[in-house]
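The values are calculated or read from the model by the stated rules, or taken from the named source; none is laboratory data. Nothing here was measured: the structure is a model prediction, and the numbers come from that model. Backbone-built Cβ (ideal geometry, glycine too); neighbour counts: all protein chains shown. To get the accessible areas, we keep the full protein, side chains included, count just its heavy atoms, and leave off ligands, DNA and RNA. Shrake-Rupley method; radii C 1.70, N 1.55, O 1.52, S 1.80 Å.
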Amino acid sequence: GWQVSMKSGSLSYILPCNRLPVQLMSQVRVYTSNGQKKDLGSQDTNGSARGETLHKVETGRQDTANAGQKQSSPKQPIQVKVKAVLKKREYGPKYTQNNFITGVRAINEFCLKSSDLDQLRKIKRRSPHDDTETFTVYLRSDVEAKSLEVWGSPEALARERKRRKEAEIKYRENLFRNQRLLWEYKEFFGNTKPRSSTAAMFFKGPGKVVMVAICINGLNFFFKLLAWVYTGSASMFSEAIHSLADTCNQALLALGISQSARTPDPSHPYGFTNMRYIASLISGVGIFMMGAGLSWYHGIMGLLHPHPVESLLWAYCILAGSLVSEGATLLVAINEIRRSARAKGLSFYQYVVQSRDPSTNVVLLEDAAAVLSVAVAATCMGLTSLTGNPYYDSVGSLGVGTLLGTVSAFLIYTNTEALLGRSIEPEQLQRLTELLESDPVVRAIHDVKATDMGMSKVRFKAEVDFDGRVVTRSYLEKQDIEQLLQEIQQVKTLEELEAFMLKHGENIIDMLGAEVDRLEKDLKQRNPDVRHVDLEIL
């Protein structure tokens, strides 16, 4: 350190020091660096009391006054600790000078061409996408300056943005008409392209089950309708309505399957997989209104206004054929669910209750209800033919309606739960949590949320408390330590220290981002159901 001795009258001190004693003829006070003052003459290293010290100082003052001699106080070294700080920078409410911007945004938002970007500084940054490691970005300040250079003024740039926005709106308005013209051209010239993936979905898995059910239920509806017209049986009418409802609902399921295969777009970044659940939910409502409602209505009207039933021979034959066809569709759905449940490591019951595949679930439950309703209708029609009492037939219609209402209520409940975004199983969530906590870079995780987005797609979110020492050590392991020591030794001024810290601080932040990417990749690799991972730094 440095020391400077100054003396002015009765005031003497030396800088720097820990304490600043000031003597003003009558007393001695000590001012500490934290702003407090103490009535001490000197620091007693032997542990003497403060009162004794003050007494000695006061006695010395009196003796000096009586003797009439002016004695100067002994010079005591003092130190003043000076804290060097950097001047705080005021960034204001909006600061975008250091922001990075991609080439696509630069072209779209600032109305530039790709050739304009060739003249700007290119910066390689870590890519947020899994398929690429790095990508090129530009400084936003450079892009803004280039746009002003190209367009001349902010007003001209604003006019160009407005013109492009109007052109985009006009394009969207004409998009439907263009698609229709393209479809007409395909029909005229013939579609020579290979079968699309959407069409291929109906030849395997749930799509195949739905298409088989549509064909069989359509035929069943046609023959049951003929039997009802011939016999006038209320139970047969309920069976015809049941088959019609199944056919319409399964056509709706086919539409949901085709829509769920659409690729994500800016308006729907997570895709359209929930269309299967929406279609299944509407199907459940349709079964309740169209199937159960009409069956109850026809059964009640049969009880209020009974009428004799004609010969039921043809009705029995059609019911037997319907039982065989519905049973075949039911076996197809059961085999598909067993195969899918085995692949997911779930039991048959868990797979159905959790509504893992809503389309196949609807076919399974509808066909199971169809088989049971055929048995109920045949039993009631048999009682009617044996006793001649038409009330049995009406009761059979009410029984079929009740069965359909139960199935529709189950479908509405399970699909609503799926659309609301329910959590995954606790065991699976525990595995994901343990995988994160076992990593050395993670101290703790909080606010964990894992949502089942449907169709074996899970979105995982957690706030992670990272260990900064481990991250910094990982950064240092990749550096040349000798060169780093040389850089430290060359730091002499505050400006050099600031430049050193800014350089390595940004690199450590990039290392933290790389650790986040690594954890997200590990979660996806070890748990294929996890498609979207959001790790927030705590």
> If we scan segment 322-343, do we find a residue that is buried (at least 21 other Cβ atoms within 10 Å of the Cβ), closer than 17 Å to SER238 by Cα and of a type outside the set (A, V, I, L, M)?
Replying inline: yes
>> Take GLU520 and tell me if it is open to solvent by 90 Å² or more (accessible area, probe 1.4 Å), out of contact with any Phe, Trp or Tyr (no Cβ under 6 Å at 6 or more places or on another chain), without any contact (Cβ under 8 Å) to a residue 60 or more places away in the chain and among the acidic types (Asp, Glu).
In response: no
> Out of all the residues in segment 137-146, is one or more closer than 30 Å to ARG531 by Cα, modelled with pLDDT under 90 and in the same structural domain as ASN99 (by the TED database)?
Replying inline: yes
> Can you tell me how many residues in segment 404-443 are open to solvent by 20 Å² or more (accessible area, probe 1.4 Å), under 18 Å from LEU523 (Cβ atoms) and part of a helix (DSSP H, G or I)?
Replying inline: 10
> How about segment 453-493: which of its residues are touching a strand residue (DSSP E or B) at 6+ places or on another chain (Cβ under 7 Å) and either open to solvent by 50 Å² or more (accessible area, probe 1.4 Å) or touching a residue at least 60 places away in the same chain (Cβ under 8 Å) (or both)?
Replying inline: MET453, LYS457, VAL458, ARG459, PHE460, LYS461, ALA462, GLU463, VAL464, ASP465, PHE466
> Among ALA240, ALA245, ALA292, ALA279, which is the only one that is assigned by the TED database to the domain that holds TYR392, open to solvent by less than 10 Å² (accessible area, probe 1.4 Å) and without any contact (Cβ under 8 Å) to a residue 60 or more places away in the chain?
Replying inline: ALA240
> Do the conditions hold for HIS268, that is, is it open to solvent by 70 Å² or more (accessible area, probe 1.4 Å), farther than 21 Å from LEU244 by Cα and free of Cβ contacts under 8 Å to residues at least 60 places away in the same chain?
Replying inline: yes
> Can you find a residue in segment 128-142 that is without any contact (Cβ under 8 Å) to a residue 40 or more places away in the chain, closer than 23 Å to GLU155 by Cα, in contact with a Lys or Arg (Cβ under 9 Å, 6 or more places away or on another chain) and open to solvent by 30 Å² or more (accessible area, probe 1.4 Å)?
Replying inline: yes
> Can you tell me which residues in segment 199-229 are modelled with pLDDT under 80 and either open to solvent by 30 Å² or more (accessible area, probe 1.4 Å) or touching a strand residue (DSSP E or B) at 6+ places or on another chain (Cβ under 8 Å) (or both)?
Replying inline: ALA199, ALA200, MET201, PHE202, PHE203, LYS204
> When only residues in segment 366-413 that are more than 29 Å from SER355 (Cα to Cα) and of a type in the set (Val, Ile, Thr) count, which is nearest to the chain's Cα centre (by Cα)?
Replying inline: VAL395
> Restricting the first residue to segment 150-169 and requiring it to be in the same structural domain as CYS111 (by the TED database), which pairs with a second residue that is among the small types (Gly, Ala, Ser) meet a Cβ separation below 7 Å and a spacing of at least six or different chains?
Replying inline: LEU157/SER147
> Within the bounds of segment 381-391, is there any residue that is closer than 21 Å to LEU330 by Cα, surrounded by fewer than 20 Cβ atoms within 10 Å (Cβ to Cβ) and of a type in the set (Ser, Thr, Tyr)?
Replying inline: no
>> Taking the criterion of being assigned by the TED database to the domain that holds ASP467, farther than 18 Å from VAL470 by Cβ, among the acidic types (Asp, Glu) and in a helix (DSSP H, G or I), would at least one residue in segment 488-497 satisfy it?
In response: yes
